[in-house]
1. I want to check the label-to-label distance for B:Met30 and B:Met222. Put each point 7 Å from Cα in the C-beta direction and report it in nm to one decimal.
2. Could you state the number of Å between the C-alpha centres of the stretch A:77-104 and the stretch B:200-215?
3. For the stretch B:18-79 and the stretch B:149-186, what is the centre-to-centre distance using only Cα atoms, to the nearest Å?
4. Listing A:His45, A:His64, B:His129 from the residue with the fewest other Cβ atoms within 10 Å to the one with the most, what is the order?
5. Most mobile of A:Lys12, A:Lys222, A:Lys88 per a Gaussian network model of chain A (Cα springs, under 10 Å)?
6. How large is the Rg to Rh ratio of the stretch B:147-234 when both quantities use alpha carbon positions and Rh follows Kirkwood?
7. So, R0 is 22 Å and r is the distance between the beta-carbons of A:His61 and B:Ser124; what FRET efficiency does that work out to, to 0.05?
8. What is the Cα centroid distance between the stretch A:167-189 and the stretch A:1-54, reported in whole angstrom?
Amino acid sequence: MNDKPEKLIDKKGLRLDGRKPDELRPVKLQVGVISNADGSAYIEHGKNKILAGVYGPREVHPKHLALPDRTVVKCRYHMAPFSVQERKSPAPSRREIELSKVIRESLEPAIFIEYYPRTMIDIFIEVLQADGGTRCASITAAALALADSGIPMRDLIVACAAGKVEDKIVLDLMDTEDKLGCADVPVALMPNLNAVTLLQMDGSLSTEEFESAVNLALEGCKQIYALQKEALRTKYVNVREENKEEVEE
Amino acid sequence: MPIFLEKRQLVTPGDLIAEGDYIAGENTYMEKNKIYASRVGIVEYETKKMDVVALKSFYIPRMEDIVIGTITEVGFSGWTVDINSPYPALLRASDVLSRSFRPQKDDLPQVLDVGDLVVAKIVSYDRTHDPQLTVAEPGLGKITRGQILKVTPTKIPRVIGRKGSMISTIKQETGCNIILGVNGVVLITGKTLEDEQLAMMAILKIEAESHTSGLTDRITKMLKEAKIGKEEKKE
C-alpha cells in the first residue's frame with residue numbers, strides 16, 4: 001500500500017480504482033443499527049466504514065454546561081485503532097478533536113436547538129475503517145442517526161468532497177488521491193433548503209478550479225441524498241410491505 | 001398554492017409539504033411561505049393545517065398530561081421522578097401526603113422510595129422550570145401491581161384509536177385495565193398474567209405497525225384468536 005502509484009489518472013482518464021472523474025464510490029447506508037441508542041446509522045462509503053449513534057435530548061452532565069435557551073450539541077468523532085494501516089492511538093488526536101468540532105458545527109444548523117433548552121444531544125461517530133473522506137461520510141451518517149432518533153430537523157445533511165488530482169477536478173477522493181493529489185474540498189449541504197453548512201479547502205486551487213470543485217461536490221451530495229432518504233424509508237416501508245402480503249394471503 | 005404530497009405519505013426531515021397559505025402543524029415548520037417536515041413521519045391534513053405524525057419522538061411535558069414515572073431520587077421535601085423525558089419531574093411531599101410536610105416526623109422513603117412507579121399529572125411546566133407533578137386526584141398515585149410497557153410517545157394516540165376505538169377493543173377482549181401515560185409509558189392491570197401479556201403484545205404490535213392501514217381489524221383478529229386458543233386449552 002505504501003508504494004506510490006505512478007499515475008493517479010490513466011490514459012483513458014480513469015482513476016486508480018477505475019472510477020471516472022465525476023463518479024462516486026459505492027455508498028451503502030443503513031438506519032437503526034444500534035438498539036441502545038435513540039438513533040443510529042451505518043455508512044459504507046467506498047472502503048470507509050462508519051457508525052454513528054445519537055442520544056438525546058437528555059439531561060446535561062455536568063450540570064453547569066447546560067444553557068438556558070438552547071440544547072447543547074456534543075459530538076465525538078473517533079477512529080478505531082484498527083481503522084488505518086498503522087495502529088492509531090485510541091486517545092483523541094488533534095485531528096479528531098478538530099473534526100469533532102467541524103462535524104458538530106455542520107450538523108447544528110439543521111437541528112432546532114432552541115426547542116429544548118437545558119438539555120444535551122450526544123452524537124458519537126466511530127470510524128471502523130478509513131479510506132479518505134471520513135468527515136463527509138461521518139456527517140452523512142450522523143445526520144441520518146439524528147433523523148432516526150426523532151430530533152426535529154430543518155433538513156437532512158449530506159456531505160461529499162471534490163478535489164484536484166493531477167490537474168483534473170475529481171469527485172469523492174479516496175485516501176491515496178487525497179494524500180498525493182493537489183487539493184480537497186469537502187462540502188456539506190442541506191439539500192432541500194439549498195444551504196451549505198460546511199465548506200473547507202485543503203491545498204491550493206485557482207478560483208475557477210475551486211468553483212468547479214464545489215459544484216462537483218454539490219452534485220455528489222445530491223446523489224448521496226437520494227440514498228440517504230431511501231435508507232430512512234426502508235426502515236419503515238419494510239413493515240408496511242410485510243403487512244400487505246399478510247392481507248393478500 | 002399547491003400541496004406537494006398526498007395524504008399518508010412517508011416524509012423525511014426537510015421534505016417540502018406545501019407552499020402558500022397553509023398552517024404549519026405538528027412536526028413541521030414554515031420558512032418563506034413553504035412548509036417542510038421536521039421529523040420522519042406520515043403526512044396528514046384536512047384543509048389548511050399540515051401535520052406530520054412522527055414515527056419516533058420523545059416526550060416533552062405539557063400541563064394537564066397524565067404520565068407514568070419512576071422515582072429516581074428522594075430529596076428533602078419531595079421526589080425526583082423520571083417521566084421518560086429530557087426533563088426530570090418534581091413531586092412535592094406535601095402533595096403526596098395531602099397535608100403540610102413535617103421534616104421531623106415524615107419519613108419520605110417510607111411513602112415512596114427509589115424505583116417506585118407513580119401515575120401523576122403535570123401541574124406546571126415551562127422552558128425555564130422542570131415539570132411539577134401532582135398525585136392528589138382520583139386515579140393517580142403509587143402503582144402497586146400490573147405490567148409496565150414503553151412505547152414511542154407519538155404512538156399513544158394510535159393506541160387510543162379513533163374516538164378510543166382501539167383501546168376499548170383491547171380492554172374488552174383482554175379484560176385488563178389500561179392506563180396510557182402520554183409520555184409513552186403504559187400500565188396494564190388484569191386478572192391474570194396471561195391477560196396482561198396479551199394486552200402487551202397487542203400494544204407492541206400497534207407500535208411496530210402504527211403507520212400501516214387496517215390495523216384495528218388485525219388487532220381485533222389477533223385478540224379474538226388468542227381468546228379462542230385460551231378456551232380450547234381450558235377444555
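1. 3.9 nm
2. Cα centroid to Cα centroid, the span is 42 Å.
3. 19 Å
4. Ranking A:His45, A:His64, B:His129 by Cβ neighbours within 10 Å, fewest first, gives A:His64, B:His129, A:His45.
5. Its mean-square fluctuation being the largest, the pick is A:Lys12.
6. Result: Rg/Rh = 0.95.
7. 0.35
8. First find each Cα centre; the distance between them is then 13 Å.
Only the coordinates and a few stated rules stand behind these numbers; no lab work does. Please read all numbers here as calculations on a predicted model, not as lab measurements. Cβ coordinates were reconstructed from backbone atoms using ideal geometry, including for glycine residues, and neighbour counts include every protein chain displayed.
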